[in-house]
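Below is one structure, written out as structure tokens, with a few remarks after it.
The values are calculated or read from the model by the stated rules, or taken from the named source; none is laboratory data. Fair warning: this is a prediction, and the values are worked out from it, not measured in the lab. Here Cβ is always computed from backbone atoms with ideal geometry, including for glycine, and neighbour counts include all displayed protein chains. These area figures cover heavy atoms from the full protein model, side chains too; ligands, DNA and RNA do not enter into them. Shrake-Rupley method; radii C 1.70, N 1.55, O 1.52, S 1.80 Å.
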Amino acid sequence: MTQLISKKNLRLDGRKLDELRPIKLTVGVLKNADGSAYIEWGRNKIMAGVYGPKECHPKHMALPDRALLKCRYHMAPFSVDDRKPPQPSRREIELSKIIREALSPAIVLEDFPRTAIEVYVEVLQSDGSSRIASITAASAALADAGIPMRDLVVGCAVGKVQDKIVADVSDTEDKEGQVDLPVAFMPNLNLITLLQSDGALTKDEFEKAFKLALEKGRYVYEIVRDALLEGFVGRKNEKEGN
Amino acid sequence: MVKEERSFAAPGDRVGVIEEFSPTGLTYEENGEIRSMVLGEIQVDKGERTVSVKGRGLGSPFPMPGDYVQGTVESLTSAGGLVRIYMVNDREVSSDITGILRSHDRRGTSYYKLGDVVRCLVSSLANNTVWLDMEDKDSGIIRTFCSNCGGNVDLMPPDKVQCQVCGNVESRKLAGYNPPMERSEHRRFRRGSGGSFRRRFQRRGNERFRFHRSRRRFMRR
């Protein structure tokens with residue numbers, strides 16, 4: 001078995017147990033989408049684009065009292081070690097649903113009856129915890145598109161590796177470790193929108209892991225918020241000619 | 001509006017409390033706190049005691065009943081013309097939205113043709129369809145060509161256009177002009193309900209002739 005954590009409690013990439021990988025988020029990167037965001041979370045490289053609210057197609061799917069949220073999570077063929085067939089896999093279809101359900105409580109869908117809001121997430125390079133990175137990027141893209149939201153949705157995946165609780169599991173830790181616990185939430189409203197667990201934790205371990213996920217999620221929130229405000233102020237200054 | 005120093009908010013940010021301000025424009029109240037719904041600039045009106053957030057606006061507006069839209073008539077079907085909408089209330093639409101515009105007005109005359117650029121009022125969103133209407137003064141054709149030769153046309157308000165090349169005269173509902181009255185409206189305007197009385201008694205034949213004549217005399221007065 002691979003030694004994932006050294007005796008000095010350092011992980012394979014040299015991180016401490018509760019340390020996140022470097023995160024870089026930019027909003028408004030795509031000209032043609034209504035809103036967009038690009039996130040680099042460690043070696044994850046993910047692009048999110050948002051359209052809408054727009055006319056719903058096919059029309060029979062339109063909802064009379066709220067907007068329909070459509071999400072598509074897609075991994076590029078070159079995003080993983082082996083070539084990934086480009087058609088939607090079982091995992092991608094599941095993650096599209098997960099992302100939709102994680103984002104929908106945050107969006108004020110009732111304001112746009114009979115319309116559709118489309119979220120497209122393209123994973124250009126994948127390196128573990130890509131669902132949380134995708135949700136974070138998608139929520140930033142939605143805010144960039146000007147769609148009314150109750151709060152941003154951010155998160156962090158925590159896990160159990162060699163019986164130790166670690167923050168922000170990487171690809172190897174996800175595959176070789178014991179537990180992967182992605183958590184997405186709305187930090188201002190303190191509402192959880194996604195909680196999955198791949199593996200078993202004791203009650204104490206779960207509490208510790210969950211607390212760590214919320215703490216690290218709030219750190220991610222600050223990064224997302226700063227990137228959004230920076231993008232907004234930058235565009236505003238550009239428009240006003242400053 | 002009294003402006004404070006520039007401050008910005010992201011969705012979910014606390015922008016005030018309800019004891020202090022009323023939530024307006026793109027804010028909401030949750031447990032006594034006013035939070036922003038969009039990414040934008042916080043605007044506080046100390047006079048009115050309101051707080052709002054001014055965002056960059058939605059990427060693409062969606063037409064609602066009462067909105068004016070502009071578009072091109074793309075195809076004609078039995079239900080009406082299919083209008084590809086490119087503007088809602090003078091804001092450009094980036095996504096594909098189509099609406100259906102009735103092919104005849106209440107007089108029964110065709111008032112637009114394929115390829116016309118039209119301005120219409122959204123009348124309803126029934127059955128997940130944007131239903132359009134051109135009955136009011138502001139709605140109508142904005143740009144049209146002769147259906148005979150494709151030439152430019154001169155406007156002949158209120159409801160005709162004439163081709164500058166071949167002289168062909170066609171009927172159109174022109175934007176900015178009140179639609180002409182219906183024929184029945186003209187009759188009502190001239191003679192009250194006399195017309196319908198006369199039609200009814202003439203159909204019944206000669207035995208009613210006397211009454212018919214007296215009725216007509218009365219009508220003339």
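Data overview
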| read-out | value |
| --- | --- |
| Where region B:7-55 is the region considered: accessible area per residue in Å², 1.4 Å probe | 43 |
| Centroid-to-centroid separation of region A:156-208 and region B:35-85 [C-alpha atoms, Å] | 41 |
| Percent of Cα pairs exceeding the 23 Å cut-off, where the set is region B:68-178 | 24 |
| Beta bridges by DSSP in the protein assembly as shown, antiparallel share as percent, to the nearest 5 | 85 |
| Residue B:91 versus residue A:65: modelled label distance in nm, points set 7 Å from Cα along the beta carbon direction | 2.5 |
| Residue A:96 accessible area, assembled protein chains, probe 1.4 Å, Å² | 10 |
| Contact order normalised by residue count of region B:7-55, Cα under 8 Å, 6+ apart, percent | 41 |
| With all protein chains modelled, accessible area of residue B:156 [1.4 Å, Å²] | 70 |
| Residues losing 30 Å² or more accessible surface upon assembly, region B:34-66, compared with the chain by itself, 1.4 Å | B:35, B:37, B:38, B:39, B:56, B:58, B:59, B:60, B:62, B:64 |
| Cα-based equivalent ellipsoid of region A:104-242: semi-axis lengths in Å, sorted from largest, via gyration tensor | 31, 17, 14 |
| Accessible surface of residue B:86 - all protein chains present, 1.4 Å probe, nearest 10 Å² | 80 |
| Förster radius 51 Å - calculated FRET efficiency between residue A:191 and residue B:142 (Cβ-Cβ, nearest 0.05) | 0.60 |
| Sequence of A:156, A:71, B:166 when ordered by accessible area, the most exposed leading, probe 1.4 angstrom | B:166, A:71, A:156 |
| Reachable aspartates and glutamates from residue A:84, criterion Cα separation under 15 angstrom, eight or more residues apart if same chain | A:92, A:122, A:127 |
| Listed residues A:142, B:155 arranged by accessible area, highest first, probe 1.4 Å | B:155, A:142 |
| Relative contact order (%) - criterion: Cα under 8 Å, at least six apart; region: region B:68-178 | 21 |
| When each of A:70/A:239; A:31/B:113; A:24/A:236; A:45/A:175 is checked by Cα-Cα distance, pairs over 24 Å | A:70/A:239; A:31/B:113 |
| Cross-link reach list, aspartates and glutamates versus residue B:173, counting only Cα pairs under 16 Å and skipping chain neighbours closer than eight places | B:105, B:116, B:133, B:135, B:136, B:138, B:154, B:159, B:182 |
